[in-house]
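These notes concern the structure reproduced below.
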Amino acid sequence: MNLLFSTILICSLLNGALADSFNFEHIGESPENSDVSTSEEVGYSIKFTNNWTQENHPFRYPTSDPHWSRFVYASHSSAYIMWQDGGTATKGIENVAELGSISALQSEIEGQQTAGNVLDDVVGNGIGNASQGATSTTGEHLCVDASHPYVSGISMVAPSPDWF
């Protein structure tokens, strides 16, 4: 359980520290303020850019095969919490954190879609070599709407640095 907690906590802490793509930036010719009605679904592309490298994070950086598993993202209402610091992990979250396996989490998300708590989910490719600037992108847009305005995502970072 300590490994799972450490891995999830690390992912939580590293999201901002290691990935520029969680800082939203205006791209392209579209207006910065949308004129799309809040009653419509809107699709977003997601790109995760790795900044977790020996040069950027020298303290106990793993020397063997640093990588990220496939990424899972879901748009949801406040009724769904993918994972919570200090909370009990579902089997799907545990499998992502410990094994990099996303199938159980995808089944859990499907159940939440049936319940109306999750609108959409997409999968991003893994990053096999965590080099500076390596990216993970989704093959399709993630849809959000006024009832499902939140986006959660998860990936396994490996090997676990065991910083805690």
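The values are calculated or read from the model by the stated rules, or taken from the named source; none is laboratory data. Just so it is clear, the structure is predicted and the values come from calculations on it, not from any experiment. Because the Cβ atoms are built from the backbone with ideal geometry, glycine has one as well, and the counts that use them run over all protein chains shown. Ligands, DNA and RNA are excluded from the accessible area calculation, which covers all protein heavy atoms including side chains. Shrake-Rupley method; radii C 1.70, N 1.55, O 1.52, S 1.80 Å.
Can you find a residue that is open to solvent by less than 60 Å² (accessible area, probe 1.4 Å), in contact with a Gly (Cβ under 9 Å, 6 or more places away or on another chain) and among the hydroxyl-bearing types (Ser, Thr, Tyr) anywhere in the stretch 148-156? Yes, because at least one residue in the stretch 148-156 is open to solvent by less than 60 Å² (accessible area, probe 1.4 Å), in contact with a Gly (Cβ under 9 Å, 6 or more places away or on another chain) and among the hydroxyl-bearing types (Ser, Thr, Tyr). Scan the stretch 47-79 for residues that are within 30 Å of GLN113 (Cβ to Cβ), open to solvent by 30 Å² or more (accessible area, probe 1.4 Å) and outside any strand (DSSP E or B) and jot them down. Hits for the stretch 47-79 are ARG70, SER78, ALA79.
Looking at this structure, is THR88 open to solvent by 50 Å² or more (accessible area, probe 1.4 Å) and free of Cβ contacts under 8 Å to residues at least 60 places away in the same chain? Taking the combined requirement at face value, the residue satisfies it. The listed residues are SER77, SER12, and the only one of them that is within 22 Å of PRO149 (Cβ to Cβ), modelled with pLDDT of 90 or more and polar (S, T, N, Q) turns out to be SER77. Applying the criterion of at least 3 residues that are closer than 23 Å to TYR44 by Cβ and in contact with a helix residue (DSSP H, G or I) (Cβ under 8 Å, 6 or more places away or on another chain) to the strands (runs of 3 or more DSSP E) found wholly in the stretch 103-164 leaves 118-124.
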